[in-house]
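Below is one structure, written out as structure tokens; comments come after it.
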Ligand code: IPE
Ligand code: MG
């Protein structure tokens, strides 16, 4: 059974801390290495027919980590600004989008997000959807608020509500559904990540820690995907 290559891959990148501990390094060094890995992976995926890469960089639950680690993670967009700008400026440069809550981010990060999104908006290369302060339950609240607003303003009749309407209010409504979801780091759970968009995703788990993610695992994940019979509920 072969079918088209995935158009949308989503990655739950996990294991930065354990990678660092195993190397006798600090957790923050694991996050730096994880960000470097992300840059490499974007480069590797550019040669595929992939349209969208969604990445889970910081969850709505990650605020509960120690303050110093949260601050370090929140500083990564600034630290890697040059690298992200480079990926966008290349021939067939990436288009950058952000998904997540905007009300808890610093002014500085909001400015960076605006910079990355606007400077890359006309790029036709891989779309990289960065999920930051992202949680599906919060995205659902956003969807429901929008739906209630539409009803109260008489733009929507409750009885005619369909899944397509709801999709219009997702953070990034124009993105195609996730075909292949990859989670590194050995855990087998979805952790409140893009549950609507992943409704029919094939799910690939690898024990590798995110900083060890490489071309071989990408090929394995593609091979896994190609071997799946995607029936979408049909026979
Ligand atoms: C993933 O690695 C990075 C983030 C999503 C913030 P972790 O920081 O969760 O690494 P482990 O799971 O502790 O090894
Ligand atoms: Mg983890």
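Bear in mind these aren't lab numbers, they're just calculated from the coordinates by the rules spelled out. Note that this is a predicted model, so its numbers are computed, not measured. No Cβ is skipped: glycine too gets one built from the backbone with ideal geometry, and neighbour counts run over all protein chains shown.
What does the C-alpha gyration tensor say about the overall shape of segment 64-167? Classify as rounded when a/c is under 1.5, otherwise prolate if a/b is larger than b/c, or oblate. The shape class here is oblate. Where in segment 136-158 does the amide nitrogen come within less than 15 Å of the point 7 Å from the Cα of residue 195, taken along Cα to Cβ? Output list for this probe position: 136-144.
Using helices alone, I'd like the mean residue ellipticity at 222 nm for the chain: each DSSP H run of four-plus residues gives -39500 (n - 2.57), total over residue count, nearest 500. Intermediate results must be reported in sequence, preceding the final value.
Working: 9 runs with 96 residues, N = 235.
The per-residue figure over the chain is -12000 deg cm²/dmol.
Between rounded, prolate and oblate, where does segment 1-156 land on the alpha carbon gyration tensor, with a ≥ b ≥ c its root eigenvalues, rounded for a/c under 1.5, else prolate if a/b exceeds b/c? Taking the square roots of the gyration eigenvalues as a ≥ b ≥ c, segment 1-156 is oblate. Model label points for residue 110 and residue 3, set 7 angstrom from Cα along the Cα-to-Cβ axis, are 4.1 nm apart. Averaging the Cα positions of each part gives two centres, and for segment 111-169 and segment 65-103 these lie 20 Å apart.
For segment 102-235, just say rounded, prolate or oblate: build the C-alpha gyration tensor, square-root its eigenvalues into a ≥ b ≥ c, call rounded for a/c under 1.5, and beyond that prolate if a/b exceeds b/c, oblate if not. Note, shape of segment 102-235 comes out oblate.
Relative contact order of segment 1-131: what whole-number percent is it, with Cα pairs under 8 angstrom and at least 6 residues apart? Reported as a whole number, the value is 29 percent. Judged by the mean number of other Cβ atoms found within 10 Å, the most tightly packed of the peptides 176-182, 44-50 leads the ranking 176-182, 44-50. Ranked for footprinting exposure by Cβ neighbours inside 10 Å, fewest first, 124, 21 give 124, 21. Between residue 118 and residue 235, the C-beta separation translates, for a Förster distance of 35 Å, into a calculated FRET efficiency of about 0.15. Each peptide in 4-16, 215-227, 28-40 was scored by the mean count of other Cβ atoms within 10 Å over its residues; highest first, the order is 4-16, 28-40, 215-227.
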